[in-house]
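**Q** Quick one: this structure, given as structure tokens, is what I'll be asking you about.
Each reported figure results from applying straightforward, stated rules to the coordinates on display, with no laboratory input. Note that the coordinates shown come from a computational prediction; the quantities given were computed from them, not determined experimentally. In this analysis, Cβ positions are derived from the backbone assuming ideal geometry, glycine residues included, and neighbour counts consider all displayed protein chains.
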């Protein structure tokens, strides 16, 4: 029995396609890796990192002014509802509640640092502020708080533990 010969493979033309095939595989693998790396919720880049580095001395001066106020902030994440509640207690140096402060918060789960939630808590009782927070990811959260009243500005970063609500489990 005689097998048909394929002239395309027998005279070495197939080897001409090898570099094209290898380059095609390389581009495909790099495309897949790029897609995976840019869509990873566990990866994050600090916002305005370069600008923060340039203005480091100014930031340290502002932080010293903030610390000199003697204000204190305590926080907790109550995740008993579908959406959790971030509770903050703001007190002055003597322990008195600070009323009518304008508070801004950036909060994110450490395990999902690219998913930052920006919140503006409202005052519920004197010195007690609350905001809704989506807690699909339990564990340790970083909560960056900026509180301003009149000309005084206080900044603090809190580490709070959160347990996901029942609707957040399994996501």
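**Q** Please work out which option in (i) 100, 44, 18; (ii) 53, 45, 29; (iii) 53, 34, 34 gives Cα extents along the principal axes in Å calculated from these coordinates, and answer with its label.
**A** (i)
**Q** Give the distance, in whole Å, between the Cα centre of the range 132-146 and the Cα centre of the range 104-118.
**A** Spelled out, the Cα-based centre of one part sits 6 Å from the other.
**Q** For a footprinting-style exposure proxy, rank 94, 102, 134 by other Cβ within 10 Å, fewest first.
**A** Fewest-to-most ranking of 94, 102, 134: 94, 102, 134.
**Q** Of 56, 141, how do they rank once you tally other Cβ atoms within 10 Å and put the fewest first?
**A** With the sparsest Cβ surroundings first, the list reads 56, 141.
**Q** Roughly how tilted is helix 56-69, in degrees to the nearest 10 and between 0 and 90, from the longest Cα axis of the chain?
**A** Its long axis makes an angle of about 30 degrees.
**Q** Can you figure out the FRET efficiency of residue 52 with residue 20, using R₀ = 45 Å and their beta-carbon distance, to the nearest 0.05?
**A** The formula returns an efficiency of 0.45 here.
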